[in-house]
Amino acid sequence: MGNLTLILGGARSGKSTFALNLAEKIRGCVAFIATAQAGDPEMAARIAAHQRQRPADWRTLEIPHAIAATWLGQEIDADLIILDCLTLLVSNLAVMASPDVDHPNEGKFTELVCSEINKLIDLIQNSPGDWIVISNEVGLGLVPPYPLGRIYRDWLGWANQRLATVASEVYLLVAGIPVPIHNYRL
């Protein structure tokens, strides 16, 4: 099994930049799994900016959900896999489960998130390459004023906890500064 590094932080805290800096230290093939979907021009611009930051020789896969099944179906050999980001992966699952945000289907969302995260952990644990997973820490902010937002926050928190239990390293990014909060390598 390769090592998992989990990178958490708020929006614009420097998570992706930190992940890219860690990846520069790896010699070999890097695969980048992007979970974002360009639903509007602003998001398309954000995606394009992230793409410009990555080295051209990295293999990029756009996988908004079903990461394990898609990854295994492509039989990719990589020394390092970066998943950016778990936040949008869980958001994509929320939209799939509850297209009507005023009437969330918590049961379906729970089923999708549990299945996705358990399969992802199994993939990571059986992968010969190392993994970096990026996710937002959303539990430090305000309680969302609508039901789907609260359900989303809770399940993203659960997903972060699940990945942290199998991670070799966990970092919290604060104002661009990586703070190691769990490191078995020290």
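Please enumerate the residues belonging to the stretch 142-175 that are part of a loop (DSSP other than H, G, I, E, B), touching a residue at least 24 places away in the same chain (Cβ under 8 Å) and open to solvent by 20 Å² or more (accessible area, probe 1.4 Å).
Tyr146, Ala175
Open to solvent by 10 Å² or more (accessible area, probe 1.4 Å) and farther than 15 Å from Ala167 by Cβ: which single residue out of Ser98, Ser115 fits that description?
After ruling out the rest, the residue left standing is Ser115.
So, Trp131, is that one in a helix (DSSP H, G or I), surrounded by 17 or more Cβ atoms within 10 Å (Cβ to Cβ) and at pLDDT 95 or above or not?
No, not satisfied.
With the condition kept exactly as written, say whether any residue in the stretch 9-28 is open to solvent by less than 40 Å² (accessible area, probe 1.4 Å), β-branched (Val, Ile, Thr) and within 24 Å of Pro178 (Cα to Cα).
No, the stretch 9-28 contains no residue that is open to solvent by less than 40 Å² (accessible area, probe 1.4 Å), β-branched (Val, Ile, Thr) and within 24 Å of Pro178 (Cα to Cα).
Yes or no: Glu106 at pLDDT 90 or above, more than 30 Å from Ile177 (Cβ to Cβ) and among the acidic types (Asp, Glu)?
The answer is yes for Glu106.
Which residue out of Asp84, Asp100 is more than 12 Å from the chain's Cα centre (by Cα) and not aliphatic (A, V, I, L, M)?
Asp100
When both residues are 6+ apart or on different chains and their Cβ atoms are under 8 Å apart, which pairs have a first residue that lies in the stretch 25-52 and is closer than 16 Å to Ile82 by Cβ, and a second that is open to solvent by 40 Å² or more (accessible area, probe 1.4 Å) and of a type in the set (Gly, Ala, Ser)?
Short answer, once both residue conditions are applied: Ile47/Ala38.
In the stretch 29-72, which residue that is at pLDDT 90 or above, in a helix (DSSP H, G or I) and out of contact with any strand residue (DSSP E or B) (no Cβ under 8 Å at 6 or more places or on another chain) is most open to solvent (accessible area, probe 1.4 Å)?
Applying the filter and picking the extreme gives Ala69.
Take the residues of the stretch 118-128 that are surrounded by 14 or more Cβ atoms within 10 Å (Cβ to Cβ) and touching a residue at least 60 places away in the same chain (Cβ under 8 Å): which is nearest to the chain's Cα centre (by Cα)?
Across the stretch 118-128, the extreme among qualifying residues is Ile124.
The values are calculated or read from the model by the stated rules, or taken from the named source; none is laboratory data. None of the values given here were measured: they were computed from a predicted structure. Here the Cβ is made from the backbone with ideal geometry for all residues, glycine too, and neighbour counts use every protein chain on show. We work out accessible area using only protein heavy atoms, side chains counted, and drop any ligands, DNA or RNA first. Shrake-Rupley method; radii C 1.70, N 1.55, O 1.52, S 1.80 Å.
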